[in-house]
1. Using a cut-off of 18 Å between alpha-carbon atoms, which lysines can reach residue 499, once sequence neighbours fewer than 8 places away in the same chain are excluded?
2. So for each of 190-196, 407-413, 500-506, 173-179 I average, over its residues, the number of other beta carbons within 10 Å; can you give me the resulting order with the highest mean first?
3. Residues of segment 427-458 with the amide nitrogen closer than 12 Å to a label point 7 Å from the Cα of residue 490, along Cα-to-Cβ, please.
4. Residue separation times 0.36 nm, minus the C-alpha to C-alpha distance between residue 246 and residue 619: what's the value?
5. In nm, give the distance between the simple-model label positions of residue 544 and residue 635, each being 7 Å from the Cα along the Cα-to-Cβ direction.
6. Among 324/409; 185/284; 418/450; 374/631; 284/310, which pairs are too far apart, with a Cα-Cα distance over 24 Å?
7. For a protection proxy built on the mean count of beta-carbon atoms within 10 angstrom, sort 288-297, 145-154 highest first, please.
8. So which of 464/494; 234/269; 176/251; 494/622 end up more than 18 Å apart, counting from Cα to Cα?
Amino acid sequence: SPYGGGRGGRGGRGAGAGGRGSSYGGRGSYSQNRQHGGGGRGGRGGYDGGDRSYNANSYDRRDGDISGGGGDGDRVDVGFDVNEVAAQLCDRKADAAILLDEVFNRDQTTVDSFQSGRAITSILNKMKQYRNLPTARSVWRWMDQARIRKQTQHYNTIISCCERTRDWRSALEYMKEMEQDGVEKNDVTFATAISACEKDANWEQAMALLDQMEAEGCHLAPHAYNACISACEKGMKAQLAMGIFERMKTKGVTPNVVTYSAMISACEKAHQWKQALSILSEMKTGGINPNVVAYSACISALSKGQQWEKALGIFRELEQSGEKPTVVTYNSLMSCLEKSMQWQRALNLFDEMKWNNMPVTVVSYGAALMACEKGLQWQQCLDYLDEMSERNITKNVIIFGSAMSCMEKCCRPDISLKLMERMREEGVEPNTHIYNSAITSCARCDMTDKALELFEDMGKRGLKQDVVTFNAILDATCAREDIARKLFQEGISKGYYSKLSRLGKEWLELDLHFLSLGAGEVALGWWLEEGILPILRESDALAEVKSIGIVTGYGRTRLRGERDRGDGMRKRVQAQLQFMQIEEEDRPNKGRVHILPKSLVELAEANNGRLKFDSVGYQRFKAEHTTAHSKPSAEQVRRPRNGAPRKEETFIILPDEDTRTEEEREFRGGGGRGRGGRGRGRGGRGRGGRFGGRGYDRPSSYSSYDSDRQQRHHGGTGRGGRGHYDNINRSHQGSSYDRRDSGGRGFGSGHQRDHYNRNDSHGNPQSSNHRGSDDYSNERRDNNNDHYGSGSR
């Protein structure tokens with residue numbers, strides 16, 4: 001049972017005397033189970049569960065101070081002021097042995113407290129708080145000199161000190177020392193050592209310790225499994241984490257909120273957002289209320305999958321559950337929105353953060369700058385950089401990289417170059433990514449000479465010129481064939497373009513998948529001249545060739561950030577072939593361009609074994625029909641410096657913004673006509689028709705999101721009937737949130753479309769009725785949430 005520490009001390013859970021005191025939230029925003037001593041003689045403390053601290057966008061899911069040892073109280077507790085002694089021990093000039101001898105021999109009370117182990121535990125706990133492992137080692141050595149018996153709690157505390165300082169090797173050494181001295185290890189010992197391994201993402205050693213704990217018959221507590229799951233999470237081993245999760249349930253260990261939070265984070269690291277939703281659903285089904293850590297990790301997982309609609313729903317669910325979103329929650333949602341091209345929503349959230357005086361971080365500004373890039377808001381991007389200076393938030397190379405990328409997309413090389421100067425003034429050295437953005441910005445504005453100057457400057461400064469660098473410089477120089485071909489050959493020699501050409505006996509192929517548009521132009525000319533023409537001169541080899549293809553790419557590598565005028569690799573390759581008078585073979589694959597081998601042979605023979613390219617005509621085509629050297633136009637909207645209150649449109653998903661698949665939109669009906677869906681009409685039971693289906697049968701993990709609009713259709717299209725349709729109504733009963741469609745009677749039939757009505761009905765889950773009529777009306781009665789509309793809503 002919990003007991004308190006001394007009057008000024010902090011107790012914990014475990015056996016002992018003393019008053020319980022009142023609980024209070026400890027370190028970090030989310031610590032649990034900390035007790036202030038109320039009175040009486042304080043005890044030694046024990047397991048302090050649930051301490052989790054946020055750091056920017058990462059989650060530290062340790063189970064708190066699992067070493068025990070509470071009681072850093074006053075003289076009544078151990079006979080001396082622990083804080084004063086700890087401060088003196090941390091002084092480099094002090095001799096730890098002399099100081100401890102002096103305190104030890106002060107009076108009988110201090111002798112008793114040292115002999116019982118309470119004083120040592122308190123001192124080591126202070127060293128752990130200060131993360132001062134060298135001083136803790138000095139205290140440890142003095143214990144041998146003073147012949148103080150080392151007990152389990154002493155080992156647990158110094159292992160916890162190793163854990164705090166991320167020294168897992170020392171933690172394992174103390175565990176070996178325990179075995180040599182015959183000191184019994186308990187679950188706290190193993191959990192602390194596993195947590196030390198977790199800090200270094202050493203999942204192999206963490207799993208070995210977990211196996212050893214089970215083999216030695218220690219009490220199986222969740223915190224050991226939690227630390228091991230966290231180690232697998234940081235080691236990017238989501239499947240192993242899932243195995244440990246199932247293993248602890250098999251062993252009869254009940255997962256807690258920390259377990260589920262760590263599992264959701266493991267799914268996030270592995271880009272498994274569906275699994276993260278499933279675990280969140282299982283958490284709620286098991287009666288464990290998700291905390292803000294679990295919700296934030298789930299939103300971060302959805303960010304990796306660009307599931308912004310679901311992320312908005314999770315955020316709303318978090319608020320309705322009584323939890324308060326943190327900076328990390330907002331950062332995760334902003335990141336999800338900007339990655340999904342919902343840049344205005346992301347900036348609205350950022351305005352809301354500042355309006356609510358939340359402590360915005362460098363991560364917050366990073367997400368806001370990336371949103372500016374998506375929306376081509378270069379002026380607002382510069383405003384945010386100035387705001388960071390005003391708030392004394394240090395800008396790093398990632399922040400400047402995001403700003404540079406925004407200037408690149410907006411075709412503002414002048415500002416890009418000034419930003420590079422500003423970086424050096426603020427002590428941030430431009431890296432390869434910064435130079436790549438600057439070169440690309442120059443390429444888009446036809447500043448070839450400046451791009452070449454930056455390219456050469458990279459070499460002088462010893463920066464690596466990677467494949468992105470060569471793609472960028474080829475974008476800038478593709479109109480100058482001699483320079484571009486030389487740079488392309490250099491890229492081949494460095495291995496960046498060595499696998500573009502695949503020449504077989506029956507097929508010849510050029511793969512332009514991961515090349516920029518300018519690099520693709522240069523590569524095509526090189527391939528035709530140096531790869532294809534030599535084969536055309538050999539009649540025997542040419543006779544076996546059945547296919548000549550160019551892979552331009554069509555899927556995820558080409559569609560995101562779709563260009564104006566339908567510009568892209570396929571369009572430019574086709575244009576190049578036309579200006580070479582090479583005939584294209586018509587095939588349905590949009591990711592490939594096929595050349596007629598016969599046409600190519602005839603053309604080469606007519607030109608004495610060469611191909612003629614109308615470069616002037618092609619450059620004219622690029623200027624008129626592509627985005628080359630064109631500046632994008634976007635209205636620049638400046639936002640309030642101190643933010644703005646919440647805009648409800650941030651959380652409203654319009655029909656044309658809904659990116660769900662047709663399968664996800666589909667709903668299964670029953671009764672008269674069987675399967676219904678969007679646009680298939682809400683029916684009733686009809687005469688003799690049986691009650692309809694549940695709507696689209698989603699996995700249980702989808703059951704609680706507003707954005708998914710869990711509509712249920714009852715009945716088919718029989719006569720009249722009582723169809724059941726309620727869009728977003730939610731019924732709130734007690735602490736559980738039932739997001740089924742709350743009540744809702746529908747009369748009539750017709751064409752069903754998503755209706756974005758977001759009314760919460762609290763209490764009775766059958767509180768809203770929807771009635772159809774022949775004419776369309778939108779009358780709304782606030783007293784009982786009746787909605788009148790036609791069947792073709």
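No lab work stands behind these numbers, since they all come straight from the coordinates. As the structure is a computational prediction, the values presented were derived from the model and not from experiment. All Cβ positions, even for glycine, are placed from backbone atoms using ideal geometry, and neighbour counts span all protein chains on display.
1. Partners found: 486.
2. Most protected by this proxy first, the peptides run 190-196, 407-413, 173-179, 500-506.
3. Output list for this probe position: 452-458.
4. Net length gain for the segment: 128.1 nm.
5. Computed distance between label sites residue 544 and residue 635 equals 6.3 nm.
6. 324/409; 185/284
7. 288-297, 145-154
8. In this structure, 176/251; 494/622 exceed 18 Å between Cα atoms.
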